[in-house]
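> This is the structure, below, for whatever I ask next.
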C-alpha cells in the first residue's frame, strides 16, 4: 500500500480553506454538544472507569467471550462465521449474497466493512452495494472516501451535496439546496431500495456474549430498515466489539451517544438476538473479523487501542485532526485512535507516519469514554517504529549521541558553550530542519550566560564574601 | 486449521498465561440509585421527549380512545396499523390490526402506526419497544410516517441502568428491541439538524396514567 | 525550606532568566534554593521520540542528582509530568524495580512551580508587582497530566497592578510537541497560527505560561511577526517587585 505519508498529505489538506472551515465548524459544534451532554451526568468519571474496565476485561478474556457469543447466537437461530482477514470476510459475505441470488444489497454504515473494502469485493462478483447512511451515500455517489468516523461527508457543504444529487439520484432535476429538501430526495431514493432488497449488510456497535445480542446505534433510521426488512441480514463485526454481559450495555449506551454526537441517546438503538419468526430476517449471519486484531492483542501495551468503541470523540477534540481532516491519515481509521489502531491492525509499515501525527497534547485521552491513553500508545509505537523499521538509523545515531551528551554534566555544559558559537552536538541541526522552525518563528539563541554559569558565578562570589 | 480455530489460538497466544483480568468497578448510578417519585419521573420524561422534537400528550386509560383520535385527526391520519394485543379503540379511526402480519407495501399505504411500549427512560426521553404484544412487530412502527406510541406511566424508569435491569428481570432482553429517542435525524447536510430521514418523521408519545 | 531546583535543559540553555526568577522568588519568600550541579536533562525529548531505552541513563542520573532532596521544584510542567507520570513506568519496562521505587518516591517530592507555591508553601500572593495586561496559555502537560487547574491563574491574579485577560481556546495545544514542530511542521504552524491570533486579539502585552517550550513556540512567532507582545514565564512575573 503506497502512501504519501502524513506530513505531506497534511500539508495539502491544510491549504484547502473550504475544508478548514467545514472541519472547524463541524468539530467545534460537536465538541460543544459533547461537553454539554457529559456535564449533565454526575457519574461520568465512574462510567468511564467502568467502560474502560469492561472493554479491558472483554479483551483479556477474548477467546472465551467469542466462544460464548457464538454459542448464544447459534442457539437463538443465527449462524456465526469466522474470518481471518479481509479476503475471507468478503468471500463469506459474497457467498451468502450469491446463495440468495442477490444482485443488490443494502448496507448500514460499518467501519469494519470499509476496512475490508467490502463494496469493491462485492462489486467484483457482480453485486451492487447501496450505502444507506446519508453521508456514506454522498461519499459513494461522489466516488470519494470517508474522512471522519462519524460524519464521513464532513468535507462536503450543502451546495456540493446539491450538485452531487442533481447529477446522480435526482437524474438531472434541479434541486433546492435547503437540507430538508435534499434529505427528502435521499429518503425517497433509499426507500425504494429498502423495500426491494433481499439481503442487508450491517456492522455492530456491540455484541453481548452472555445472550448473543447484537446492537446497532444510529440516527437516521436506515439501520432499522436494513436489519428488519430484508430476508437475510449479514453483520460483519471486529472481534474486539464483544461485551461480556448484557448489563454492560447500561454503561456503553451511556458513554457512546454522549461522546459521539453529544446526545443523551441516539435516535435509534436496535438490539436483536438471533432470529425471530415473522419479525425481521429469516436468516442472520454474524461474521467475526480478525484482520490484524489478534496481532494488536499480542502487544501488551498496544492492545488498549482495541477498547475503542468508535465514538470519534478523540477526532473532534484533536487539534491536528480538526485542521487536516481524515484523508491526510490515509487510513480507514483516522485521527488519534486511528494513529494507534492503524499501525497495529494494518502493520507498522502501512501506517508508519501516523504515530507522529500528534503533539501529544492529551486532549484525546481526556475525551475518550473508555480511557485509552492514546499519547502513551503513540510513544510506544514510535519506539517500535524507530527501532524496528528501516530508514531510522541516522536518527538513532543522533539520538544516541545526544543521550551521551545529556548523560554527562561535563559534556552537556561544554556542548552549551560550543552551541553559543554555532558549534558542537547541540548546534548541528540539518538546515532543512532549522528552516522548518524559522519558516514561522525566530530562532531562540543560546543565552550569553546559561543558568548554570550564572549559578557558579554566584556561588563563587558568595564564597568570596 | 479452520478460521475459527486459528483466530482463537492466536487470541489465546496473544494474551499469554499471565494476562491480568480486571474486575469491573460499578460505581455509577446503579439501578434504583435515582429516587424519583412517579410524578417526577413523568415530568422529567415529558421534558426530555419534548427536547427531541416529539410531541407529548397525557391521557387517562378511560380517555385514551379520544386522545388517540384527536392526535390522528390533527395529523390527518385515518388508518393506523396496530399490534393485535394492544386493546385500544379509537373513534373515527380505522385500526388495521397486524394479524395476519401486514406486508411492507400494505404498511406503506397506511397513515401511521399506533403501538404501546415496554419501558421508558425518563433521563433520556427514550421509549423502548420490545417486539411483543403491546409494542408490535418492529416493521409496523418503522414504515409509516407517523407513530403514536403509548407509554404506561408505571413503566417509566429513571435512567438507562434502571431500564436495562427491568428488561433483564422480565426476560425481555433477547427480544427484538428498539430504543426510540425522538424522530430520526441527520446532520450530514450542511451541519444543520434535519428531522426525519427514515423511520417515522412524526412521533407522538402518549403517557397513559 | 530547602528546595532543590530542577531548572531543565531548555531553561538552562535558552531562557536562564526563568531560572534566576525562580531563585529570586523563593529566596524572597525566605527559602533556601540549592542547585544540584550535576543535572542536565530529564530525557523528555528522547522518551517522546520513541527512545525510552536510550533515555534510561538520563533517568538514573536524574535520580542521583535529586534523590537526596526533600523538595524539588521545576519551572516546567512538561518535565515535571514526565518524571512524575512516566519515570516509574520507564523503570519497570526496563525491568529495574529498584529504580521504579526510587522514581515513585522522588515523584512525591517533585513539584511544578505553581504547585509548590500553592500546595506546599501555601502562598497565593507572593508580593509581586507587574503592572501589565497579560493573557495565560495553559500548557498541555500542566493542564492534563499535572491537573494544575487554576493554580497559575490564582497566582497571577494576586499580582499587584496586573490585568489578566482570558485567552480564547486557552487549553488548545500551541503546536510545539517537541519534535512535532519539525516533523509535522505544517500542522504545527497551523496550530501556532491560531494560538498567536488568539493571543494578539486579546490586546495583552504579554502571553504567560508555565512552560518555556510553549513560550519558545508562541514567543518565536510573536517575535517573527513583530507583534509587540512578549512571551514570558510565570516565574518571571512572580519574581518582579515594585
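Every number in this text was worked out from the coordinates using simple rules, so none of it is lab data. Note that this is a predicted model, so its numbers are computed, not measured. FYI the Cβ positions are ideal-geometry reconstructions off the backbone, even for glycines, and counts take in every protein chain you see.
> Pairs of alpha-carbon atoms within less than 8 angstrom and 6+ residues apart define the contacts here; what relative contact order does chain C have, in percent? Intermediate results must be reported in sequence, preceding the final value.
Details: 417 pairs, mean separation 49.8, N = 242.
Over chain C, the number comes to 21 percent.
> Also, I was wondering about something else. Tell me the label-point distance for the pair residue B:94, residue A:32, using the 7 Å Cα-to-Cβ offset, in nm and rounded to one decimal.
4.8 nm
> Let me ask something else. Under the classification rounded if a/c is under 1.5, otherwise prolate if a/b is larger than b/c and oblate if not, where does the stretch A:197-260 fall, given a ≥ b ≥ c as square roots of the Cα gyration tensor eigenvalues? Display every interim value, and only then the final one.
Details: a/c = 2.32, a/b = 1.46, b/c = 1.59.
In terms of gyration-tensor shape, oblate.
> Note the angle between two axes, namely the Cα long axis of helix B:160-169 and the longest principal axis of the Cα atoms of chain B, as a number of degrees from 0 to 90, rounded to the nearest 10.
Helix B:160-169 sits roughly 90 degrees off the main axis of chain B.
> Now a separate question. Which order do the peptides C:93-101, A:194-202, A:213-221 take when ranked by the mean count of other beta-carbon atoms within 10 Å per residue, highest first?
Ranked from most to least packed, the peptides come out as A:213-221, A:194-202, C:93-101.
> Another question, then. Which order do peptides A:351-362, C:50-61 fall in by mean Cβ count within 10 Å, highest first?
Details: A:351-362: 25.3, C:50-61: 21.7.
The peptides rank, most packed first, as A:351-362, C:50-61.
> Any chance you could give the angle, 0 to 90 degrees and rounded to 10, that helix B:38-51 forms with the longest Cα principal axis of chain B?
The angle comes out near 90 degrees.
> To the nearest Å, what is the center-to-center distance of the stretch C:162-218 and the stretch A:280-338, using C-alpha atoms only?
30 Å
> Further question on the same structure: Would you tell me the mean number of C-beta atoms belonging to other protein chains that fall within 10 Å of each C-beta in A:210-223, as a whole number?
Partner Cβ neighbours, averaged per residue: 4.
> Taking a ≥ b ≥ c as the square roots of the eigenvalues of the Cα gyration tensor of the stretch A:54-291, is the shape rounded (a/c under 1.5), prolate (a/b larger than b/c) or oblate?
prolate
> If you don't mind, there's one more thing I want to ask. Under the definition of partner shielding as Cβ atoms of other protein chains within 10 Å of a residue Cβ, what is the mean value for peptide C:171-181? If you can, show how the numbers build up before the last one.
Working: counts 4, 5, 9, 3, 6, 4, 7, 2, 5, 7, 6.
Counting Cβ atoms of other protein chains within 10 Å of each residue's Cβ and averaging gives 5.
> Here is a follow-up. Running a GNM on chain B with Cα contacts under 10 Å, which residue among B:138, B:26, B:166 ends up with the highest mean-square fluctuation?
B:26
> If packing is taken as the average count of other Cβ atoms within 10 Å, what order do B:87-94, C:209-216 fall into, highest mean first?
Top of the packing list down: C:209-216, B:87-94.
> Out of B:141, B:60, B:181, any idea which swings most in a Gaussian network model of chain B, alpha carbons joined below 10 Å?
Checking each option, the largest mean-square fluctuation is seen for B:60.
> How much mean residue ellipticity at 222 nm does chain A get from its helices, if each DSSP H run of length 4 or more adds -39500 (n - 2.57) and you divide by all residues, to the nearest 500 deg cm²/dmol?
So the helix-based figure for chain A works out to -15500 deg cm²/dmol.
> Give the Debye-formula value of log10 I(q)/I(0) at each listed q (0.05, 0.07, 0.09 Å⁻¹), with one equal scatterer per alpha carbon of the protein assembly as shown, two decimals each.
-0.33, -0.63, -0.96
> So what are the three principal axis dimensions of chain C from its Cα atoms, in whole Å, longest to shortest?
Projected onto its principal axes, the Cα set of chain C covers 51, 46, 28 Å.
> Another question, then. How large is the convex hull of the C-alpha atoms of the stretch B:36-208 per residue, in Å³?
121 Å³
> Given points 7 Å out from each Cα along the Cα-Cβ axis, report the residue C:27 to residue A:456 separation in nanometres with one decimal.
1.9 nm
> Take chain C, connect every pair of alpha-carbon atoms lying under 10 Å apart with a spring to form a Gaussian network, then pick out the residue of C:66, C:180, C:15 with the largest mean-square fluctuation.
Of the options given, C:180 has the highest mean-square fluctuation.
> For chain A, what does the equivalent ellipsoid look like in terms of its semi-axes, each the square root of 5 times an eigenvalue of the Cα gyration tensor, given largest first in whole Å?
Calculated on Cα positions only, the semi-axes equal 48, 26, 21 Å.
> Taking the number of other C-beta atoms within 10 Å as the exposure measure, put C:189, A:111 in order starting with the fewest.
Ascending Cβ contact count within 10 Å gives the list A:111, C:189.
> So what is the relative contact order of the stretch C:171-242, in percent, for Cα pairs below 8 Å that sit 6 or more residues apart?
28 percent.
> Tell me the angle of helix B:3-15 to the major Cα principal axis of chain B, expressed in degrees between 0 and 90 and rounded to the nearest ten.
60 degrees
> For the stretch B:11-108, what does the alpha-carbon gyration tensor say about shape, rounded, prolate or oblate, given a ≥ b ≥ c as the root eigenvalues, a/c under 1.5 as rounded, and a/b over b/c as prolate? Display every interim value, and only then the final one.
Values: a/c = 3.43, a/b = 1.78, b/c = 1.93.
Oblate, because a/c is 1.5 or more while a/b does not exceed b/c.
> If you wrap the stretch C:52-103's Cα atoms in a convex hull and average its projection over all directions, what's the area in nm²?
Numbers: hull surface 14.0 nm².
So the Cα hull casts an average projection of 3.5 nm².
> Taking each residue of C:217-227 in turn, how many C-beta atoms of other protein chains fall within 10 Å of its C-beta, and what is the average? Walk me through the numbers before you get to the answer.
Details: counts 5, 1, 3, 7, 3, 2, 4, 6, 3, 1, 0.
Averaged over the peptide's residues, the number is 3.
> Considering every Cα-Cα pair within the stretch C:64-195, what fraction, in whole percent, is farther apart than 26 Å?
36 percent
> Name all residues of the stretch C:1-31 having a backbone nitrogen under 11 Å from the label point set 7 Å from the Cα of residue C:70 along its Cα→Cβ direction, giving them as ranges.
Only C:1-4 fall inside the zone, counting backbone N under 11 Å.
> Now a separate question. May I ask you to sort A:461, C:205 by Cβ crowding, counting other Cβ atoms within 10 Å and putting the fewest first?
By the 10 Å Cβ count, ascending, the order reads A:461, C:205.
> Quick check for you: which residues of the stretch A:344-372 have the amide N under 18 Å from the point 7 Å beyond the Cα of residue A:439 toward its beta carbon?
So the set is A:353-354, A:356-359.
> Please rank B:63, C:198, fewest neighbouring Cβ atoms within 10 Å first, as an exposure proxy.
In order of increasing Cβ crowding within 10 Å: B:63, C:198.
> So, one more: May I ask for the distance between the Cα centers of the stretch A:1-78 and the stretch B:66-91, given as a whole number of Å?
Centre-to-centre distance over Cα atoms comes out at 41 Å.
> Can you tell me the relative contact order of chain A? Whole percent, Cα pairs under 8 Å, sequence separation 6 or more.
This gives 20 percent for chain A.
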